[in-house]
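Just below is one structure, and these are the notes that go with it.
The values are calculated or read from the model by the stated rules, or taken from the named source; none is laboratory data. The shown structure was predicted, so the numbers you read here are calculated from the model rather than taken from an experiment. So basically every Cβ, Gly included, is an ideal-geometry build from the backbone, and we count neighbours across all protein chains shown. We work out accessible area using only protein heavy atoms, side chains counted, and drop any ligands, DNA or RNA first. Shrake-Rupley method; radii C 1.70, N 1.55, O 1.52, S 1.80 Å.
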Amino acid sequence: MFEKVLIANRGEIALRINRACHEMGIKTVAVHSTADADAMYVRLADESVCIGPPQARDSYLNIPAIIAACEITGADAVHPGYGFLSENSRFAEILEAHGITFIGPTAEHIRIMGDKIIAKKTAKSLGIPVVPGSDGAVTNDADALRIADEIGYPVLVKASSGGGGRGMKVAPDRESLSSALSTARTEAKAAFGDDAVYLEKYLGQPRHIEIQVIGDSHGNVAHLGERDCSLQRRHQKVLEECPSPALNQEERDKIGTIVANAMQKLGYLGVGTVEFLYEEGQFYFIEMNTRLQVEHPVTEAVTGIDIVREQIRIAAGLEMSFRQKDVVFHGHAIECRINAEDPHTFAPSPGVIKEFHQPGGLGVRVDSGAYTGYRIPPYYDSMIGKLIVHGTSRNECLMRLRRSLREIVVDGVKTTIPLFQELVNDPEFVNGDYHIHWLEDFLARQ
Ligand code: ADP
């Protein structure tokens, strides 16, 4: 097992990883920018190294500074968390060249899944259902028209190098396809420096359902069920739940087994998430995230499995500590992302938290580095914490969530808490009756 892990991240996820390491008897090194010197994750780590000024490109994305921090502290592994360098295959390779373990999959698998067209081809070849569309990039309008006629309108034009929901255009009919293609190409070129685009059938009201998967270097693979992340604003997840209100046990087992078998064939190492759109009983692959995800705690609550601990064990060459047959799903969990943002306009609201009180009691988990007096820096993501609530049923989980949202206090900055207080009483949400566009409609009604 590793002696010392350097956590190449910040905020709640750095704290989360620090907790797993300490439980395993592993020493930790926090790295931080000058803006994060007072952060809770820095205080709770065994050692800390300042790696640069506030801007992420000069600190959390600064590979030479992070390698230097590893050398200075003698860390033998790096956990990248999510975001920042977590899906940077070059970073994984550089660490390896320095004899430091990257806690994550192989650089090759990160690279494959990082390119949308290659990822989709790979998924298809592994037996994962994909959205009908073009086989790779479409280079001319005549081809595009022919393919779109085959898949049927509306179609979605997507940028190969796209990300964060950018570089997509819907063509509702044949007449609008060429203009959608040229707009998408121009936007893709400007945003990603690559004008390759491809076509997909556009799904009207799908849910976003993702499967958590895990594999070790001894040939063991398991899936940990699904998360429903359909509640999104501008393609950003806002609330996630496990299990999905839309799936039954049979459907869960079926898609979970397809994904686990695919990962076994690929020889996938560590934890990953295969994301699908789900409509009328069909799953359509959209992408794979080759890292830990923000919403992993809902799966932990329902399965009782510490996903970060498993990640560390696997990276150290050990077997994962359970097999598929040991995975039992208990009850229901919901996560709310608490962002320092205006709950109506979503404008960021950095500043000092004057009072912070976190809810507690049975089934309540708060992953947050916030505290009374904490100054939220303006340079990074606005998520300041996650409220994760577990109950024996979805109904109990909702009861507990409502009272937790009454208990939580974050004063001094605006947060998304009022949005969740409204949401948990909405009849459609309470019925689990929603899709990926539902939240934007709900917000427009407020
Ligand atoms: P990105 O990497 O930019 O996040 P994704 O391929 O994951 O791109 O898609 C982002 C979001 O766009 C999805 O969560 C979904 O809301 C929407 N989307 C993607 N593909 C389709 C599709 N074929 N039909 C309808 N919506 C889609």
Within the bounds of the range 153-176, is there any residue that is over 15 Å from residue 285 (Cβ atoms), free of Cβ contacts under 8 Å to residues at least 12 places away in the same chain, of a type outside the set (Gly, Ala, Ser) and outside the structural domain of residue 279 (by TED's automatic domain parsing)?
-> yes
Filter the range 232-261 for residues that are within 16 Å of residue 296 (Cα to Cα), of a type outside the set (Lys, Arg) and assigned to a strand (DSSP E or B) and give the result.
-> 236, 238, 239, 240, 241, 242
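Among the strands (runs of 3 or more DSSP E) contained in the range 1-83, which hold 2 or more residues that are of a type in the set (Gly, Ala, Ser)? Show your work before the answer.
Working: elements: 4-7, 27-33, 47-52, 77-79.
Ranges flagged: 27-33, 47-52.
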Which residues, counting only those in the range 158-177, are loosely packed, with under 14 Cβ neighbours inside 10 Å and more than 11 Å from the ligand (Cβ to nearest atom)?
-> 172, 173, 174, 175
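Quick one: is residue 209 open to solvent by 20 Å² or more (accessible area, probe 1.4 Å), under 21 Å from residue 128 (Cβ atoms), hydrophobic (A, V, I, L, M, F, W, C) and within 12 Å of the ligand (Cβ to nearest atom)?
On the way: open to solvent by 20 Å² or more (accessible area, probe 1.4 Å): no; under 21 Å from residue 128 (Cβ atoms): yes; hydrophobic (A, V, I, L, M, F, W, C): yes; within 12 Å of the ligand (Cβ to nearest atom): yes.
Considered against the rule, which asks whether it is open to solvent by 20 Å² or more (accessible area, probe 1.4 Å), under 21 Å from residue 128 (Cβ atoms), hydrophobic (A, V, I, L, M, F, W, C) and within 12 Å of the ligand (Cβ to nearest atom), residue 209 comes out as no.
Within 11 Å of the ligand (Cβ to nearest atom) and not polar (S, T, N, Q) - does that describe any residue in the range 189-197? Spell out how you get there, then give the answer.
At the first step, the residues of the range 189-197 found to be within 11 Å of the ligand (Cβ to nearest atom) are 191-192.
Retained after the next criterion (residues that are not polar (S, T, N, Q)): 191-192.
The answer is yes; a qualifying residue exists.
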Provide a single number: the residues in the range 281-304 that are small (Gly, Ala, Ser) and part of a helix (DSSP H, G or I).
-> 1
If we scan the range 305-328, do we find a residue that is touching a residue at least 24 places away in the same chain (Cβ under 8 Å) and either within 30 Å of residue 445 (Cβ to Cβ) or assigned to a strand (DSSP E or B) (or both)?
-> no
When residues of the range 132-149 are limited to those that are free of Cβ contacts under 8 Å to residues at least 60 places away in the same chain and within 22 Å of residue 122 (Cβ to Cβ), the one farthest from the ligand (Cβ to nearest atom) | 139
Under the condition of being among the β-branched types (Val, Ile, Thr) and touching a strand residue (DSSP E or B) at 6+ places or on another chain (Cβ under 8 Å), which residue from the range 403-437 is nearest to residue 350 (Cα to Cα)?
-> 413
Looking only at the range 213-226, decide whether some residue is open to solvent by 20 Å² or more (accessible area, probe 1.4 Å), among the polar types (S, T, N, Q) and part of a loop (DSSP other than H, G, I, E, B).
-> yes
Please find, within the range 353-374, the residue that is nearest to residue 16 (Cα to Cα) out of those that are under 25 Å from the mean Cα position of the chain (by Cα) and among the charged types (D, E, K, R).
-> 367
Positions within the range 101-123 being touching a residue at least 40 places away in the same chain (Cβ under 8 Å), over 19 Å from the mean Cα position of the chain (by Cα) and away from the ligand (no atom under 14 Å from the Cβ), in sequence order | 101, 122
Residues in the range 65-74: is at least one more than 22 Å from residue 310 (Cβ to Cβ), in contact with a helix residue (DSSP H, G or I) (Cβ under 7 Å, 6 or more places away or on another chain) and open to solvent by 40 Å² or more (accessible area, probe 1.4 Å)?
-> no
